[in-house]
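S.K.: Sending over a structure as structure tokens; questions will come in a sec.
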Amino acid sequence: MRRTAATTSGKRRMTRTGASRQCEDQEMPAVYQEMLAEAEARDPHAFDSTRQIKRRRVQTADAPSRPPGSSTNDTRETRGEEAAQAVQTVYDSPSSEESDMEWEEVDLEQKSSRAGVLSGSSPAAGQDEDSIQITLDAPTAQRQKTVSRKPISNAERKLRLDIHKVHLLCLLHHVQIRNLWCNDDHLQGFLKQMLPRRIISLLNPPEDKPQHVRSTTFVDGLNQASEIFLRRFRITSPGIQRPHWAENLEAVTHKAESIMADTEVFLSKDDFLEQARNLRGSRDFGAQLFCALLRSAAVEARLVCSLQPLPLSGAVTDRTPAKKSHSQYITTSSDDREVSTDKRSPSDTAPSRPRRLARPQLVPSRPRKVTSTRPARRESSYPVFWVEAFNEMVQKWIPVDPLVTKSLAKAFKFEPPSSDPYNCMSYVVAFEEDASARDVTRRYTKAFNAKTRKLRVETSKNGEQWWLRALQFYEKPFLEDRDIAEMSELTSKTAAEPMPRNIQDFKDHPFYALERHLRRNEVIFPKRVIGQVSLGKSGSKHEKLEPVYRRSDVHTVRSADKWYRLGRDVKLGEQPLKRVPASGPRELDDNGTAAETAMYALSQTEVYTPPPVVNGRVPRNGYGNLDIYVPSMVPPGGVHIPHPNAAQAARILGIDYADAVTGFSFKGRHGTAVFEGVVVAEECHDAMREVLAGLDDQQAQAVSDAKSMEMLQLWKTFLLKLRIAERVKAYAIEGGEADGEVTDDEMAEMEGGFLPESDPDEGGGFLPESD
DNA sequence: TTGAGAAATCCAGCTTTGCACGTC
DNA sequence: CGACGTGCTTTGCTGGATTTCTCA
């Protein structure tokens, strides 16, 4: 049998190595033995052909399930299973050739023989199992790798963006509420007792002193107020923390539970005020009280919050492992096969899993639960809430954080490193006493353009508008000088941001661009190098310098065809800025070079002017119609009438017209032109309008006529039926008593039986006969 | 520890002026 | 026999984005 296979299915055989052909019988066992020995888990020459790859894949896929079978302690069962699997394998490969069938048989036999070898030759079944399980590691590891690499789907990405936005809005409102609570008179009155009169006077320096003296006095006052507050306020519960995406509902609930276990919740202003009297709570609460404290001393104070919304993307690291471990445990207990999966998983996935689990998602929650007795929970060493006090003397807002960083006027101390699992700075919003708010992120971030911006909605489509609109709600009715000054300060700070020193920060950077990040349809022109970025370790032999360009010199380019679709024409004599390999079937020219498409920038094009309408003659393209992709493509002296009856009207008028192609539909394999009305000479516009009105009237009339006809038909049917019924009734009376009884009873039924038949369709068939 | 680069994977965008066949 | 209507080849392919892993 095997021999036959070898000779007949020559093709298949060819692909195999000669050696493998010779020892076909022993091949499988040999391979398996090798595998068992864990020497060459995936011996390449064992299955070496393109076709075989398919088969191998099947087998490897099956493989993991097989060893578990053997681990059921029943070798006979194992064999049966293998046989079944062999058949499967067979089934898979024959798709290509019939001779494969023979092949399969070979396979089968080999496998069963191998099974025999396994059960017979291997002395200890347990050993066998072990070794088999080990061999399986390789494929499984691969499979799991692929699974874990699965990127999030587009739908989920959209969902995340939406949730991110909603979360932002909620957080904004949350801070606003707290900000307004800080204005409470009772609260301020209570807090004010904390401040000695001396400090209050420091915070409000006399106006007759020189400016710089007043300024230092004010700062001194802030300093002392912070110290006092720090001494009085006790941090007893956690504040807001950076959130992460959870994989499933279970994780969410779990997390929610653990958060709610020790989080401070103020359901109302009264709660808030009451807790304020204790002077204890979260660091966030502390910052809010400090804000109220400063306001009580007539200091203009802003409540500042680094909003912690759910991130736009990422966090897959702490999602997949959780899921995987979960599912694995389930399968483990459920089925023999998975037993091996289970045994396997500790060996190869476990090392990485705990590490991942220890990442953001679970760590904050687990310890929280466990440590409910001991408040050793971890929190970021950077605040989420702090205060900005307005130094009138220098017209500047001074950041003050009495509790966490214990800093004053040190804006650079607030940004946590991106690796901080508990705090991420992406939006910093400052709320003033008058309930207005401003985005002051730029004051606190070191690399807004290069890094922070990528965490914000600005990276999404129309994200910038969205954020501006969201903040518009909190905008002041009119801006004061100091607001303008602050805005320009923030802008200039961003503009002064140094050039990134690594490649990835250049990606999507608003000011700089690298050639390597250009899209297919982008080009840098003119090529003005404005800097260099070093690749590789500085000083190492691999170090290379890559030129940096302005983002404003990056242009979108299109092919002449594409520009034509937009109603633009490449100017005469313009040379393409770029050439890209043509899309579609990759065919080589006679020269052996792939076809290329020339690309032009917007500035190289002008609005396309079609040939004009002359003497009522409308110009046409090669297809006998006219391209009107944009309104500007209507020829001079012509007019586009996008009416479905326009062609008919033009024919009635006997004037020249051209069908207008406005686009293409791609329902079929080939795009088909979409026609929308016609183009006629301008002078015929009025006539066309009249004719079209007439046609519309006619159409309306026709519709109404059809309706009347339908009504009349219905009446006709109805009358006819009445007549039939009458006739039948007459027969019944003539026919005597018995008939009469029947008639009365069955009349209804008869009619009942008639009616469905005479319903719309069939009634039509019935009537002509009766006529 | 950080970042560059490779690999794996999915998705969006591009395609861009029919045709065969059946019925009336 | 011709006009007309309907349904299907539906394609793929590729670039870009994202994520993870490895290595320097």
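S.K.: Pairs, please: C-beta under 8 Å, at least 6 apart or cross-chain, first residue of a type in the set (Asp, Glu) and in segment A:220-237, second open to solvent by less than 70 Å² (accessible area, probe 1.4 Å)?
M.R.: A:ASP220/A:LEU202; A:GLU227/A:PRO402
For every residue, the table says whether it meets (1) of a type in the set (Ser, Thr, Tyr); (2) more than 16 Å from DNA strand B (Cβ to nearest atom); (3) open to solvent by 40 Å² or more (accessible area, probe 1.4 Å); (4) at pLDDT below 90.
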residue: A:GLN142; (1), (2), (3), (4): no, no, yes, yes
residue: A:ILE163; (1), (2), (3), (4): no, yes, yes, yes
residue: A:HIS167; (1), (2), (3), (4): no, yes, yes, no
residue: A:MET194; (1), (2), (3), (4): no, yes, no, no
residue: A:ARG197; (1), (2), (3), (4): no, yes, yes, no
residue: A:ASP220; (1), (2), (3), (4): no, yes, yes, no
residue: A:GLU250; (1), (2), (3), (4): no, yes, yes, yes
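S.K.: Filtering segment A:444-493 down to residues that are among the β-branched types (Val, Ile, Thr) and surrounded by fewer than 13 Cβ atoms within 10 Å (Cβ to Cβ), which residue is farthest from A:ARG302 (Cα to Cα)? Step through it out loud before you land on a result.
M.R.: Filtering segment A:444-493 down to residues among the β-branched types (Val, Ile, Thr) leaves A:445, A:452, A:457, A:459, A:484, A:491.
Okay, now just the ones that are also surrounded by fewer than 13 Cβ atoms within 10 Å (Cβ to Cβ), so A:484, A:491.
On the way: A:ILE484: 17, A:THR491: 20 Å.
Of everything passing the filter in segment A:444-493, A:THR491 is farthest from A:ARG302 (Cα to Cα).
For every residue, the table says whether it meets (1) in the same structural domain as A:ALA681 (by TED's automatic domain parsing); (2) assigned to a loop (DSSP other than H, G, I, E, B).
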| position | (1), (2) |
| --- | --- |
| A:TYR600 | no, no |
| A:PRO610 | no, yes |
| A:PRO619 | no, yes |
| A:SER632 | yes, no |
| A:PRO635 | yes, yes |
| A:VAL639 | yes, no |
| A:HIS643 | yes, yes |
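Residues checked against (1) under 32 Å from the mean Cα position of the chain (by Cα); (2) of a type in the set (A, V, I, L, M):
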residue: A:GLU486; (1), (2): no, no
residue: A:ASP505; (1), (2): yes, no
residue: A:VAL523; (1), (2): yes, yes
residue: A:SER534; (1), (2): no, no
residue: A:GLU543; (1), (2): no, no
residue: A:VAL548; (1), (2): yes, yes
residue: A:ARG558; (1), (2): yes, no
residue: A:LEU566; (1), (2): yes, yes
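S.K.: Scan segment A:396-420 for residues that are away from DNA strand C (no atom under 16 Å from the Cβ), on the phi < 0 side of the Ramachandran plot and part of a loop (DSSP other than H, G, I, E, B) and report the count. Step through it out loud before you land on a result.
M.R.: Taking segment A:396-420 and keeping what is away from DNA strand C (no atom under 16 Å from the Cβ), we get A:396-417, A:420.
With the extra rule that they be on the phi < 0 side of the Ramachandran plot, the set shrinks to A:396-405, A:407-408, A:410-417, A:420.
Filter once more, so that each one left must be part of a loop (DSSP other than H, G, I, E, B): A:402-405, A:410, A:414-417, A:420.
Looking only at that region, the number is 10.
S.K.: Among (1) open to solvent by 30 Å² or more (accessible area, probe 1.4 Å); (2) outside any helix (DSSP H, G or I), where does A:HIS254 come up short?
M.R.: Answer for A:HIS254: the failing condition is (2).
S.K.: For segment A:423-439, name all the residues that are open to solvent by less than 20 Å² (accessible area, probe 1.4 Å) and within 13 Å of A:SER306 (Cβ to Cβ).
M.R.: A:ASN423, A:MET425, A:SER426, A:TYR427, A:VAL428, A:VAL429, A:ALA430, A:PHE431
S.K.: Considering each of A:PHE414, A:PHE506 in turn, give the residue that is away from DNA strand B (no atom under 16 Å from the Cβ) and in contact with a Phe, Trp or Tyr (Cβ under 7 Å, 6 or more places away or on another chain). Let's see the steps before the verdict.
M.R.: Details: A:PHE506 fails: away from DNA strand B (no atom under 16 Å from the Cβ).
Matching residue, one of A:PHE414, A:PHE506: A:PHE414.
The values are calculated or read from the model by the stated rules, or taken from the named source; none is laboratory data. Model, not experiment: these values are computed from the prediction. Positions of Cβ are generated from backbone atoms using ideal geometry, with glycine treated the same way; all protein chains shown enter the neighbour counts. Note: accessible area is taken over every heavy atom of the protein model, side chains too, but ligands, DNA and RNA are not part of it. Shrake-Rupley method; radii C 1.70, N 1.55, O 1.52, S 1.80 Å.
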